[in-house]
Amino acid sequence: MKNKQFHYFSAMKRICLSLLLVCLSLSGFSNSFYFAWDGIGFATRYNYDLGMSYGAYYYRGVARGLGLGTYEFYQTFNTYYSREVGASTGQSIRAKVQYRFFSPMIVVQLGPRGQSQMYFTGGIGELQSGAEAIQNKWSSTTWSGERYDSTIDFSDNLSKYVVRMGFGFTQFMRLGGNFHLFVNEDFGFLANPIADVSTRQFAGAKTNANQFFMPTYFSIRAGVGLITWSKKKKHPWRIYPGKEED
């Protein structure tokens, strides 16, 4: 399974690089967008604390109002299942992991000015070092058997690769020259869990372990972008494939 995921990750990189070459082969008058950003996010369920994210992406106009590019970023997932805390018998699950995602990107201009845009991404993420994944199980009753309080570190059993789908909205503000400030709202969800939930390890949890390990994240991001050919444009955020007159 891990070999298949590794081959998929390699294939995804080749696809993105091929896409980049296609974009570069387009007319020299096509505008290009380069971005770098930092952000914070939270899981829609089981959120424990803010998950930091940062990255960069690039896309180029391939049709009026349409851009294609690549997207690379780091996302921290910070979740905690604590519904059973306080019970005489139960368990809790804590996960703080970071993945590096790489994927192709489709961007659609919203409105004639292009100041607002929408994007779609889908790609694979690679687990980064320093992951924390802990399960705590306890029982303080005698009728259920021996009393215990155990902590299990399952960070070695985390998924090396995960698949992520996402979309978001971006708003621009002119900064000066070809540079622009931007803010975007990103929604992303995983297509496979960050840990194997088929084992008996999580069977006793009074929740859906699959949902816990497939968090949906909402993030707010801000950064600086470079948009070529935009310095003297009346509408510098428009996406176009060739020379455009305002």
* **Rounded to whole Hz, the Karplus (6.51, -1.76, 1.60) HN-Hα couplings of the stretch 91-102, x for glycine and proline** => 7, 9, 9, 10, 9, 9, 10, 10, 10, 9, 9, 9
* Asked: Could you sort S103, S198 by accessible area so the largest value comes first, with the probe set to 1.4 Å?
  -> S198, S103
* Structure fact -> SASA check, S129, accessible area w/ 1.4 Å probe, all protein chains in place, rounded to nearest 10 Å², comes out at 110
* Only loop residues by DSSP count here, and only those with at most 15 other Cβ atoms within 10 Å; note down the trypsin sites (Lys or Arg not before Pro) in the stretch 78-131 that meet that. => R83, R113
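The values are calculated or read from the model by the stated rules, or taken from the named source; none is laboratory data. These numbers were taken from a predicted model, which means no experiment stands behind them. Ideal geometry is used to build each Cβ from the backbone, glycine not excepted, and the neighbour counts take in all protein chains shown. Just the protein is used for accessible areas: all its heavy atoms, side chains included, with ligands, DNA and RNA removed. Shrake-Rupley method; radii C 1.70, N 1.55, O 1.52, S 1.80 Å.
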